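The values are calculated or read from the model by the stated rules, or taken from the named source; none is laboratory data. Keep in mind that this is a model prediction, so the values were computed, not measured. No Cβ is skipped: glycine too gets one built from the backbone with ideal geometry, and neighbour counts run over all protein chains shown. Ligands, DNA and RNA are excluded from the accessible area calculation, which covers all protein heavy atoms including side chains. Shrake-Rupley method; radii C 1.70, N 1.55, O 1.52, S 1.80 Å.
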Amino acid sequence: MTTVVLLTLAVGIGGTTAIFSFVDAILLRPLPYPNADRIVGIWERRPSGQSNAMTTLNYLDYAQQSTVFEHIAATTVCCSATMLGGGATPTPLARLKVSSSYFDVLGI
């Protein structure tokens, strides 16, 4: 009986710790950029209500006419690459294509 209770407590405490660590790392800690609380993502909605990435022409309109945002940048997942490291298996990497103001948004 004591073993079952201790095992239940250990699993409960371990699970709670793992969940808190995840929430802390993803949701509670700020991004490692200056003014990270001011970085937002802009998405469009289709008439069906589904989120959609912004089109190139709409991005250009926002970038030229916006008086609300200091900087606007565009990103798109480009393609994958393979990095050969010191290990036995290569590491796949995802690459982004970014606009020229991308690093301005991040304060880099």
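For region 56-69, a residue qualifies if it is closer than 15 Å to Gly41 by Cβ, in a loop (DSSP other than H, G, I, E, B), over 20 Å from the mean Cα position of the chain (by Cα) and of a type outside the set (Gly, Ala, Ser), and exactly one does: Val68. Does region 47-65 contain at least one residue that is open to solvent by less than 80 Å² (accessible area, probe 1.4 Å), under 22 Å from Leu96 (Cα atoms), touching a Lys or Arg at 6+ places or on another chain (Cβ under 9 Å) and among the small types (Gly, Ala, Ser)? Yes: one or more hits.
For region 89-103, a residue qualifies if it is open to solvent by less than 90 Å² (accessible area, probe 1.4 Å), assigned to a loop (DSSP other than H, G, I, E, B) and farther than 26 Å from Ala63 by Cα, and exactly one does: Pro90. For beta carbons closer than 9 Å, sequence separation of 6+ or different chains, a first residue in region 20-36 that is under 16 Å from Leu106 (Cα atoms) and a second that is open to solvent by 100 Å² or more (accessible area, probe 1.4 Å), the qualifying pairs are Pro30/Asp37; Leu31/Asp37; Tyr33/Ile108; Pro34/Ile108; Ala36/Pro30. The single condition among (1) within 25 Å of Val77 (Cα to Cα); (2) open to solvent by 100 Å² or more (accessible area, probe 1.4 Å) that Leu28 does not satisfy is (1).
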